Every structure is written in structure tokens, then in C-alpha cells.
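Written below as C-alpha cells is the structure these notes are about.
FYI, it's all coordinate maths here, none of it is from the lab. Here the structure is a predicted model, which means the values were calculated and not measured. Every residue, glycine as well, gets a Cβ built from its backbone with ideal geometry; the counts of neighbours run over all protein chains shown.
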Amino acid sequence: MSNKNSESLSEVHSSVNTAGKTGFRKLLAFIGPAYLVSVGYMDPGNWATDIAGGSQFGYKLIWILLMSNLIALLLQSLSARLGIVKGLDLAQASRNAYPKMVNLPLFVLAQTAIIACDLAEIIGMAIGLNLLFGLPLIWGVSVTILDTFLLLFLLNKGMRMMETFIVSMVFIVGVSFLTEMFIVKPNIVEIASGFKPSILSGSALYIAIGIIGATVMPHNLYLHSSLVQTRKINRTSEGIRESLRFNFFDTAIALNLAFFVNAAILILAATAFFKNGLHEVAEIQDAHKLLDNIFGSLAPTLFAVALIASGQSSTITGTLAGQIIMEGHLKLRIQPWMRRLLTRLLAILPAIFTILYFGEEALGDLLVMSQVVLSLQLGFAIIPLIHFTSDKVQMKEFAIKTWTKVLAWLSACIIVGLNIKLVFEEIAGWLNTADNPVLIYLLVIPLTLVVFSLLVYVFLKPFFRKNGISNSNIPHGQALQITEIEKVNYLHIGIPVDFSKNDLQTIRHALMQGGKQADYHLIHIVETAAARYHGEKVMDHETQSDLVNLEKYKEDLGNLGYSAATHIGYGNVSKAISALAQTYHMDLLVMGAHGHKGLKDLIFGTTLDSVRHQVKIPVMIIR
């Protein structure tokens, strides 16, 4: 039996049943994961490159979009294959394949890339709110922190609710741009000519590199390998083969929709700006204003609505990817709301700092910088993915064929090569414009060389493993042999009480553990503001009432023949309980659970989890 805590996105792992369905209903059961992935292919970072490409070069770069989409389809299919066949996400597989000293920088790079993605999406969301409602950008950026609670709510409602929300956002984006196409009326023949490959140079090559770099995003590869595991499938060869087939359909449909949206943005920019001689439109805000001037109020309104929907859906999937890489690379699990809040804050703070220090007009430059940061990480996701899915020892009959391997490595060479070129061009540009380039030579260039060396190691390491990629994703070690079990006698049992209806059950179960030979310690923690400040010196009305109630419990237990003592703690509940347990040498704690979760945990706290991590004795939880 698999340990639930070792599974990728354990809250929703295998939560969507695909058994007993046939035909179209079977396809519908598998559809969903790729739609969550596809929103990353139409986030505000893509908008910026598509608008710049369309306004400067018309329809000339559509073939670059198509090529990027085909590469993305190949790599996302490999990502899904890894998750379905091995039951591992890309971060978990990397932890198995590389030593700990390599996994830590891999995590840092992956987390940096996710922050960069999240940063672009936050900026896009803020710009959309500004364009539609006139909300200042600083407030728009701050409002995006609420996405954390939306994500927590959606996950509590199940994977299908999450997918329904995301598909709704994608639908809004698609319909908005379909309507835009009817408004701007592009020339179909000219669009078709854009699918013909051409030799690119200068700024056209630069923008093409940006389009490719913004299309195939590393966090999507981590995300897809995890999301496909939300489907409960038959683990036979035929069941896995069927799952691979249906997930390919899901991926093809979703990514082609993403291609339609990106092509629509580029066509919109080409028709509205390039054909009207406006060749320098690169900012999202400028595109919105010009649409208003050329086509009236409906086109820019739809543009802003689509931008908000795009940013909203992309931030949710980016935060999910943050969870996956933290748990996969580091085996680190923190409370879901805290993990998502941390990811969001790490992205919001640079945006707020930029607005306050450099002004709102600098957000466009920050968007470009986020894409440059993103390009650094791409190879660290693509190269291991190809290694893992090529490994015949681990993938067996589902290892990719030779022709797929050739295409995958060719795609990796194109993407990594172009992104490395982009990074070095950026560094060269900084050197040319910097008044004092000392920091670039002392910090930026050495750091870039270290990152490149790590990339070479990630590429070469699997070739020197004799037995292929190991499968050591065992979070708690091997099972021990169970022989004779000795009876444990608990002699000092702690019972935290809160004078609610739960106390009776908690006390009853505690008495069942120790019988009449044990000593029972009745514990209550006073949480008033005075208690937190004055500690044991406080004797307010609540404290005096609590003392009376504890003595009543002690008297009742004494009448039944049990030995009991009372203890009052003050301030932080978990710390106070832990301190009392240590002071009175308790060997068991019996605690009642209130059953609240989700946002209620945020409001009322998570005492049980905190106590469990602070004490070194067993904790029995009574519901």
C-alpha cells in the first residue's frame, strides 16, 4: 500500500475515478490536467512577446508559435508519461536520480523559475484590473494575494472543481479573442503566409527567442507529471497504455487551444498595429489604449477581461507547481496555506518594490526580466525529463522510442541553445550600459558559469549510472520486521481540556489507556490577552473560572477512583501544553480534535499538529 504522504499532490492524488467508463465518457474522465497546464502557455509573459512580435513583424512569426507549440506538445507528453508510468512527478524523479547536494540547487532554480512565472502573472493580473476598473497597480498587485485562499478553497472542493474553474477561465480567454478576431477582421491569406518558415535575424530573432522561451515553461513540466496522477487508473500494462492514450488527447486539445490564443494575440497585434504603422507597441497597456482608439470600447474591454482570466488561472497553477517542487526535491511538507502564501509573497514583493522604487512604468522591464530568469531553469527540467522517460530499466516497455528520443533531444538543444543565447545577450547588454560593471563581473558572470556547470552535470550524470535511474522515493525508510509486541503501560497521562462537549470523549479514552494505576494530568490553557502578556500572574475572571472547572473534573475522577492533578498554562496553546508535558514527565497525551479544516485552520489554529511536532511522546487524537 502506498503511503499517502509520499504521493505528489497527496490532497487530490487518485481522486478522480476513471473505472467503469467507456467511449466519450472515458475521455471526459481524463480531460482536465492538460487544461491546468495550458494556462501557463497563455500567461501575461506570452502576451508581451506576442504583442511585440505582431506589432513589429506582422504575421511573420506565426510559424515560430507553431513550432513552439509542437515542441511543447512533445515535452508535455513526456511529462505525462513519467507521471503515469512511474507514479512520480519530475521533482521526485530528480531527487531519486541526483545526489542531495545537487537537488538543493535544483530546487532553488525551480523555485526561482516559479517565482518568475508568478511575477509575470501577478503583473498581468494587476494590469488587467487597472485597465478594466482603474484600480492602481500597487493595489492590483496586493489583491492577488487573495489567490492563495481561492486555491485552498478549490483544492478542498476536489480536483474536478479546480479543473472546472481553470477551464472556465480558459474559455473566457478563448471567447474574448475569438470575438476580437471578428472585430479586427484579419486577412486570412496573409495569416496563412505567416506559417511559412523564414530566416530570422536581429530583433526578429530576439523576439522569436522570447516567444519560444515564454512558451515552454519549466513549471508546466513539473505540474503535468503530478496532475496526471489525480486519475485513478488500472495499473496493468493495458490500463497504463490506455491512460497514456487518453492523456495525449487531453494534452493535444488543451495545447492547441493555447496555440489559438497565442496566435490570436499575435494576429490581433499584427492587424491592429503593424498594418497601421504602429511598430513599437510592446507594452500591454499601450496595446489596450490603441485598441480603444482604433476599434472602440468593446475590443479593449474584452482584452482586459481575457488578461485577468489568464493571470488568475496561471497564478493558481504556478502555486501548485511550487508545492510539487518543494515536496519532490526536498521532501518538505508545510501547511498548504502557508506554502501557497509563501510562494505568492516571494513573487509579490519584487513587484511592489519595483512600483514603489522605480514607478509603475518599470513593470514592463520587470516582465522581461522574469522571462530571462525563467530561461535559466528550462534546461534543468527538460534534460532530466528526457533521461527519465528514455530509461528502459525503470520505464520498461513504456520507455520512449528512438525517433521520439531524437526529436526530444533536438527540441532540448533548440530551446536550451536559444535560451542560453538570450541570457548571454542580456549580460552583454548590461555590460555595455552599466556605468560600473564590477558587480556583473564579480557576481553575475560567475553565477552564470556555476549554473551552466550544473546544467552540464545534470546532462552527463545519468549516462554514468550502470543500472539506470534508481527509484528511491521512499519517504520514511524500509518497513521494519514486527516480532513480539511488548505491552506499554502509560503511568502519566496528560489530558488537555477546553470545557466543551468534546471533553467527555477525550477523558474516557484517556482512562481506557491507563486504568486506575495511572496518574492523570488535566490541562487547560488560558488564551486571553492578559494571560498572553502576564502569564501565571494573571487572575482574571476567565482564569478563575477555568480553575474551578478543572477542580470539578479532578473531583469527579477522584470519586471514580482515579488519581488526577490539575495544571493551568498561559498564552500559546501548543507551547504551553508541550512545556507542561515535559515538566511533569508525561508519557502520553490524549487530545480532542474539533474537526475544522481549510480556512478555519487559518482562523482557529492547528494546535494538534503543533503539539505533535513539539513533544517526544505519543499523542492520541480523539475525534
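Under a 5 Å amide H cut-off, with hydrogens placed 1.01 Å from N, PHE499 pairs with nothing among residues at least 5 apart or on other chains. Ordered by the number of other Cβ atoms lying within 10 Å of each residue's own Cβ, fewest first, SER610, SER226 fall into the sequence SER610, SER226. Ranked by how many other Cβ atoms sit within 10 Å of their own Cβ, fewest first, the residues ARG245, ARG231, ARG612 fall in the order ARG245, ARG612, ARG231.
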